[in-house]
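Structure, as structure tokens:
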Amino acid sequence: MSKPGQSALRQRATGSWQPELIGILVLIAVMYLMPYVLVDDYLISKYSRYLVFGLLAMALSLSWGYGGILNLGQALPFGLGSYCMAMALKLRTIPVQTGAGGLPDFMVWNNVQQLPWFWAPFYSMTFAIIAGIVVPAALMAALGWFMFRGRVTGVFVAITTLAMLVVVNLLIIDQQQYTGGFNGITDLAQLTIGGIVFDAYNRTTFYLIATVCSVALLFGYVLSRTKFGLILQAIRDQEGRVQYFGYDVASYKITVMAISAAIAGLAGMLYTIVMEFASPTFLNVPLSLSVVIWCAVGGRGSLPGAFFGAVLVTGVQGALSESKTFLDTWTLVMGVLFVLVVLFLPSGLAGLISQLLGKIWPAGVHPRNETIDVKSNRPEEIA
């Protein structure tokens with residue numbers, strides 16, 4: 001039997017009904033219905049990219065909105081996942097696009113004589129998919145270990161993650177003979193699994209991305225409702241109090257950072273499938289900062305909010321940049337919109353929707369960002 005304090009906490013954290021879950025189910029339904037509305041293959045490919053960005057923003061929401069860890073280097077695991085998939089697909093290109101023995105063309109141009117040892121395992125697509133998830137997660141977990149075991153907090157975490165992103169970006173550009181440098185890895189084969197070809201412009205790829213996004217959203221929702229998720233939110237609100245109760249705060253932070261990176265790496269692999277290349281621009285600062293903006297617009301404390309915020313912002317950006325009216329001013333328009341959201345919607349669109357629902361059903365809706373009560377002197381309430 002659960003303790004009264006614990007039951008009260010869970011009810012405050014989750015609400016008597018689940019608007020977050022309803023939001024996720026609505027997003028999933030919309031994603032699977034979109035191909036019936038988007039009859040053009042180009043639009044299918046474009047909105048596939050938007051969904052990938054939504055998945056990336058949702059990954060940041062886990063670490064930032066739930067764990068209070070502002071990771072300004074979120075593009076790092078995204079880019080690493082992208083390169084893992086690109087390496088595997090590059091080794092499957094037709095011979096005319098590679099050198100002798102299947103050596104990638106950019107290696108031939110840089111006088112590389114044989115395939116580097118760290119490229120060889122990517123002949124296996126299974127290895128590539130696992131690496132695209134594990135490598136980003138391991139790197140961010142290692143970085144988190146040094147930061148959180150060293151009691152690094154606040155803005156210094158954001159600066160450290162951003163610096164790590166810049167270092168890896170410069171490393172990839174510098175090692176041109178192994179990574180393709182500024183040009184990245186291009187001329188990739190199409191992903192084929194079980195005889196199914198995932199072309200960037202067909203519905204099969206769109207449904208693959210929609211399925212991964214759906215699973216990730218549901219996984220994040222379940223995780224946030226577990227004991228781990230509740231303690232994580234308590235750490236976000238009152239880290240010192242949680243540590244006083246005897247919890248290993250650093251381990252929780254490292255874990256959520258690794259989970260967020262794993263999802264971001266998965267998003268990076270999907271992005272390579274859609275874009276058909278991998279580039280250092282996938283690991284640059286502007287993209288990483290954009291993810292933070294997407295989360296802020298949608299609501300960093302809401303998984304479906306962050307996801308929808310990314311899709312909405314990138315969709316509006318795409319529409320404005322392709323419009324003759326806003327061709328030269330679309331960046332200014334987006335900047336004004338971001339400022340207005342920050343000033344008037346500090347909890348993002350998800351916070352606005354939560355407030356509106358609270359006025360309609362005041363007894364049944366609890367805003368997702370409600371602070372968990374860790375000021376109590378009873379540690380069993382978050383146990």
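Observations, loosely collected:
- Cβ separations smaller than 9 Å between residues 6+ apart or across chains give the following pairs from the stretch 258-272 residues that are closer than 17 Å to T204 by Cα to residues that are basic (K, R) and part of a helix (DSSP H, G or I): Y271/R49.
- Looking only at residues of the stretch 307-345 that are modelled with pLDDT under 80 and outside any helix (DSSP H, G or I), we find that the one that is surrounded by the most Cβ atoms within 10 Å (Cβ to Cβ) is F326.
- Test: A278 is crowded, with 24+ Cβ neighbours inside 10 Å and either within 14 Å of the chain's Cα centre (by Cα) or closer than 30 Å to A128 by Cβ (or both): yes
- Qualifying residue in the stretch 105-127 (condition: within 19 Å of M269 (Cβ to Cβ) and touching a Phe, Trp or Tyr at 6+ places or on another chain (Cβ under 7 Å)): yes
- Check on V292, surrounded by fewer than 15 Cβ atoms within 10 Å (Cβ to Cβ) and at pLDDT 90 or above: no
- Within the stretch 120-140, considering residues that are surrounded by fewer than 18 Cβ atoms within 10 Å (Cβ to Cβ) and in contact with a helix residue (DSSP H, G or I) (Cβ under 6 Å, 6 or more places away or on another chain), the one farthest from L91 (Cα to Cα): F127
- Checking each residue in the stretch 116-130 for being within 22 Å of Q177 (Cβ to Cβ) and not in a helix (DSSP H, G or I) picks out P116, W117, F118, W119.
- Of the criteria (1) within 23 Å of A306 (Cα to Cα); (2) touching a strand residue (DSSP E or B) at 6+ places or on another chain (Cβ under 7 Å); (3) hydroxyl-bearing (S, T, Y), which one Y47 fails: (2)
- Elements of type helices (runs of 4 or more DSSP H) contained in the stretch 156-243, each with 1 or more residues being at pLDDT below 95, within 21 Å of the chain's Cα centre (by Cα) and not small (G, A, S): 203-225, 227-237
- Subset of the stretch 202-241 [under 17 Å from W64 (Cβ atoms) and in contact with a Phe, Trp or Tyr (Cβ under 8 Å, 6 or more places away or on another chain)]: L217, S224, F228, G229, I231, L232, Q233, I235, R236
- Residue match in the stretch 133-143 (condition: on the phi < 0 side of the Ramachandran plot, in contact with an Asp or Glu (Cβ under 7 Å, 6 or more places away or on another chain) and assigned to a helix (DSSP H, G or I)): no
The values are calculated or read from the model by the stated rules, or taken from the named source; none is laboratory data. Keep in mind the model is a prediction, meaning the values are calculated, not measured. With ideal geometry, Cβ positions are generated from the backbone for all residues, glycine too; neighbour counts draw on all protein chains shown.
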